[in-house]
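I have placed the structure first, in the form of structure tokens, so that the comments after it can refer back to it.
The values are calculated or read from the model by the stated rules, or taken from the named source; none is laboratory data. Keep in mind that this is a model prediction, so the values were computed, not measured. Every residue, glycine as well, gets a Cβ built from its backbone with ideal geometry; the counts of neighbours run over all protein chains shown. Please note that ligands, DNA and RNA were not included when accessible areas were found on the heavy atoms of the full protein model with its side chains. Shrake-Rupley method; radii C 1.70, N 1.55, O 1.52, S 1.80 Å.
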Amino acid sequence: MFRNLRLTIQHLWAVTALVGVFIFVSTHPIRPQDFWWHMAVGREVLATGRIPSVDTFSYTMPGKPYPAYQVFWLMESILYVTFRAGGGEMVIFLQSLLITSAYGIILWLCYLETRSWRVAAFGVLFAAALGLNDWNVRPQAITFLLGALILLAINRLRMSHNDKWLVIFPVAMVVWVNSHGTFPIGLALIGAWWLDSVWFLFHTHGKWEEHLLSPTIAGVVATLACMLSPQGFGIFRYIQSMMVSPVIQNLVTEWAPPSFGTLGGTLFFIGLLLCACVMAISPKRPSLFQVILFVIFAVLGLKTMRGVVWFGIVMAPVVAEHVKAIADSISHQKQNQSQELGSPWLNRIFLFILLGMAILSLPWFKHSLPLPSLKAGIFSNETPITATEILLNERLPGPLFNSMSFGSYLIWEARSDYPVFIDPRIDLYPTEFILEYISVSSGGEHWQEVMDKYGIQTIMASPTEQSGLIDILDQSTSWDQVYQDEAAVIFTRK
């Protein structure tokens, strides 16, 4: 069946890029910070048939309204169903498919702009380098696929004017608005297309229905689709409140601006400079659409680390197009065809090797791979699995003071017995409360007063996040250490 398959070295560049993305995601364990509380909400949605509206997971904020439930509920339910069907392995596999599919669409967009699989592979690697920090398992994963689909639909409508692509916009936005709060990014992509169309229409004096009708319809149906959320129009007020929340803006590292002090920040600044340079020196003049996208997503990336992944996804086809234009202007020599095609049999052997590596990276085979500790296991070694078992089996007294990162897993596994003190739903808790928690975690002088105020009887602390508190507890005559492992240390009050 391979006789008519014309597999070339060019194709192998593309396959290698996508397999690399797939292997990276497939071998990445599930981290506990956000995953488990989303799972718990999905469990509750499917068990009760309704979306919760107030906090029932903590004993410090019980009954407090939490509108975020209505933003994530769809993807939370999908994650829970996936987990029930095949455990953590199936969840990781779903994550791998979502992420790889998103970057597969970006690869295709890069190819449509360049007609070079090699340059398209470079575009995917550009996007992937800026997205590595955002590939942890959580509801956000589906948004990359939805954003890529919207970019593809815009590209096809700009190039071919095939109105069948318009169906992508309402469908994608309905799923997006019920899965994650980044849905305005989809509207921003359509808005950039609309502005480019207005500019083109103004300068060409063409018929408005030829240039402006499709982006206008796309914008209207996408905006109306956002109303198909439990919050209706209020979803926009929720997003606005998130963007001005002092807790999120000041205390969540993912919302902080990028810096050269982190790998993600350094990669972003390199990518930003690269993108600006290739657009500036390219013999092919950037379109207004590309310039608008660059401005919008550069500002987003400069404002918050959460925007970095989107800069990579949106600008990858632009970078690929102008890198190809620069390369063509520099090299006028036609490459030897045999070098472009390569040996058919060697190409097929290399393809089978790549596919074999992808299969071996599947989470079901992960235990047999010589992976470093950070990549080993289905659940990361920072998940307090054994410590939570001790907590439940020994029936240690409550209330419980826990590390914020532990709160998510405790919500999933021990909710009925041990409501959490705090968890990664950071926008649920007031600034003063979080600052109090941070002070206690660092071993602040008033830590015992906080324990007395909340009647804390058991402490589950993280050695990596609360070493200051653990040092004080080790020296205290009022607390006994009852358990310790790599992930957690448990103390009880004497």
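Quick check on segment 394-408. Is at least one of its residues open to solvent by 10 Å² or more (accessible area, probe 1.4 Å), in contact with a Lys or Arg (Cβ under 8 Å, 6 or more places away or on another chain) and farther than 21 Å from ALA68 by Cβ?
Yes, the conditions are met somewhere in segment 394-408.
Quick one: which residue in VAL167, VAL174 is modelled with pLDDT of 95 or more, at negative phi and more than 24 Å from the chain's Cα centre (by Cα)?
The unique qualifying residue is VAL167.
If the requirement is being of a type outside the set (Lys, Arg) and either closer than 29 Å to ALA316 by Cα or out of contact with any helix residue (DSSP H, G or I) (no Cβ under 8 Å at 6 or more places or on another chain) (or both), which of these qualifies: PRO52, PRO67, PRO62, PRO32?
Every option except PRO62 fails the conditions.
Could you please give the count of residues in segment 111-134 that are in a helix (DSSP H, G or I) and under 26 Å from PRO258 (Cα atoms)?
Residues that pass the stated criteria total 12.
So how many residues does segment 28-65 have that are assigned to a loop (DSSP other than H, G, I, E, B) and open to solvent by 10 Å² or more (accessible area, probe 1.4 Å)?
13
Only one of (1) closer than 23 Å to LYS164 by Cα; (2) touching a helix residue (DSSP H, G or I) at 6+ places or on another chain (Cβ under 6 Å) fails for LEU224. Which number is that?
Status for LEU224: all satisfied but (2).
Go through segment 189-199 residue by residue and tally those that are surrounded by fewer than 19 Cβ atoms within 10 Å (Cβ to Cβ) and within 26 Å of PHE72 (Cα to Cα).
1
Pick from GLY191, GLY234, GLY219, GLY206: which is modelled with pLDDT under 90 and either β-branched (Val, Ile, Thr) or under 28 Å from the mean Cα position of the chain (by Cα) (or both)?
Unique residue meeting the criteria: GLY234.
Going through VAL319, VAL291, VAL295, VAL314 one at a time, which residue ends up being modelled with pLDDT of 95 or more and either open to solvent by 70 Å² or more (accessible area, probe 1.4 Å) or touching a Ser or Thr at 6+ places or on another chain (Cβ under 7 Å) (or both)?
One residue alone meets the criteria, VAL295.
Within the set of pairs 6 or more residues apart or between chains, which connect a residue that is under 15 Å from MET75 (Cβ atoms) and part of a helix (DSSP H, G or I) inside segment 152-181 to a residue that is hydroxyl-bearing (Ser, Thr, Tyr) and open to solvent by 20 Å² or more (accessible area, probe 1.4 Å) with Cβ atoms less than 9 Å apart?
MET173/THR223; TRP176/THR182
Considering only residues that are in a helix (DSSP H, G or I) and acidic (Asp, Glu), look in segment 410-454 and name the one that is modelled with the lowest pLDDT.
Among those residues, the one meeting the criterion is ASP427.
Counting only residues that are in a strand (DSSP E or B) and either closer than 13 Å to SER403 by Cα or open to solvent by 20 Å² or more (accessible area, probe 1.4 Å) (or both), how many does segment 457-491 have?
12
Of VAL174, VAL137, which residue is of a type in the set (Val, Ile, Thr) and open to solvent by 20 Å² or more (accessible area, probe 1.4 Å)?
That would be VAL174, the only listed residue that is of a type in the set (Val, Ile, Thr) and open to solvent by 20 Å² or more (accessible area, probe 1.4 Å).
For TYR103, work out the one condition from (1) open to solvent by less than 30 Å² (accessible area, probe 1.4 Å); (2) within 14 Å of ASN136 (Cα to Cα) it doesn't fulfil.
(2)
What number of residues in segment 348-393 are farther than 22 Å from SER416 by Cα, among the hydroxyl-bearing types (Ser, Thr, Tyr) and surrounded by 16 or more Cβ atoms within 10 Å (Cβ to Cβ)?
Count: 2.
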